[in-house]
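Report on the following structure.
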Amino acid sequence: MSAFGQEQGQEIVELVNGLLDDTTAEPLLSLVVESAGRLVGHILFTQAKLQSDKEVSVRILAPLAVACDFQGTGIGGALIREGLSQLAESGVDLVFVLGHIGYYPKFGFQTAGVLGYEAPHPIPSEKADAWMVQALKAGVIGRIEGKVQCSEVLNQPQHWRE
Ligand SMILES: CC(C)(COP(=O)(O)OP(=O)(O)OC[C@H]1O[C@@H](n2cnc3c(N)ncnc32)[C@H](O)[C@@H]1OP(=O)(O)O)[C@@H](O)C(=O)NCCC(=O)NCCS
């Protein structure tokens, strides 16, 4: 996970390994891109729940990483699009992400807080826009809202500092 630099990279490797072993993160969707036998891109979507009286299927996108020497070549975007397409096919309603506000809106994400979706841990107000959502079905946003509850491994405060 050189994409995140050495220190944060180690934290991300531990997060991914933890999530892959976390039964509360299931069902999960993990997609990779390889080039000449080397893993150069990875995206993970894990199970989440919405504290709401309405039935809704929710996932969180975290993390997404592209190897430094492959960044800016469309791999991140391709992983996001493919992941969202597979999740839509399997009936998922909402996908959340805490990430770069200059990046995720390119792929249809919008600020989640103002739409009534509270993050599992408080996001500092100056970073509030980094908490984003995308609906994969019409008529969900505006009708269903609530606080998002993520898997046990992701539910650690250090993973919620954008
Ligand atoms: C952020 C990251 C996943 C993007 O993946 P990528 O494969 O480099 O991105 P793409 O090639 O699909 O980029 C698509 C567009 O987003 C832009 N972009 C890439 N990273 C961006 C960022 N951090 N902020 C804003 N825009 C960004 C690209 O310039 C490109 O713009 P264009 O379509 O106008 O040319 C990747 O750079 C990465 O792994 N970074 C380090 C780890 C990280 O920050 N992960 C995300 C944690 S939430």
**Report entry** Square roots of five times the Cα gyration tensor eigenvalues for the stretch 2-160, Å
**Finding:** 24, 17, 16
Query raised in the report: Lysine pairs in the chain with alpha-carbon atoms under 21 Å apart, 8 or more places apart or on different chains: how many are there?
Result: 8
Query raised in the report: Roughly how many debye, to the nearest 20, is the charge dipole of the stretch 18-162 about its Cα centre, given +1 on each Lys and Arg Cβ, -1 on each Asp and Glu Cβ, and no other charges?
Result: 280 debye
**Report entry** Estimated inter-spin distance, HIS100 and GLU11, nm [label 7 Å along Cα→Cβ]
**Finding:** 1.8 nm
Query raised in the report: Given just the C-alpha atoms of the stretch 1-88, how large is their convex hull per residue in cubic angstrom?
Result: 109 Å³
**Report entry** Efficiency of FRET from Cβ geometry, THR24 and ALA78, R₀ 22 Å, rounded to 0.05
**Finding:** 0.20
Report task. Using the number of other C-beta atoms within 10 angstrom as an exposure proxy, rank ILE144, ILE80 with the fewest first. Result -> ILE144, ILE80
Query - Förster-model FRET efficiency, 45 Å R0, VAL114 and ARG38, C-beta, rounded to 0.05 - result: 0.65
Query raised in the report: Using the Cβ atoms and a cut-off under 9 Å, what net charge is assigned to the surroundings of LEU94, where Lys and Arg are +1 and Asp and Glu are -1?
Result: +1
Report task. Just grab the label-to-label distance for SER90 and GLN71, each label 7 Å out from Cα along the Cβ direction, in nm (one decimal). Result -> 2.9 nm
Query raised in the report: How far is helix 75-89 tilted, in degrees, relative to the longest principal axis of the Cα atoms in the chain, given as a value from 0 to 90 rounded to the nearest 10?
Result: 40 degrees
Report summary line: Among SER85, ALA62, LEU15, the residue whose Cα sits farthest towards the positive end of the charge dipole of the stretch 2-160 (+1 at Cβ of Lys and Arg, -1 at Cβ of Asp and Glu, taken about the Cα centre) is SER85
Query raised in the report: Among TYR104, GLN156, GLY142, whose Cα lies farthest out toward the positive end of the dipole of the stretch 2-160, if unit charges sit on the beta carbon of Lys, Arg (+1) and Asp, Glu (-1)?
Result: GLY142
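None of the figures in this text is laboratory data; all of them are computed from the coordinates on show. Because the structure is a prediction, the values reported are computed rather than measured. Positions of Cβ are generated from backbone atoms using ideal geometry, with glycine treated the same way; all protein chains shown enter the neighbour counts.
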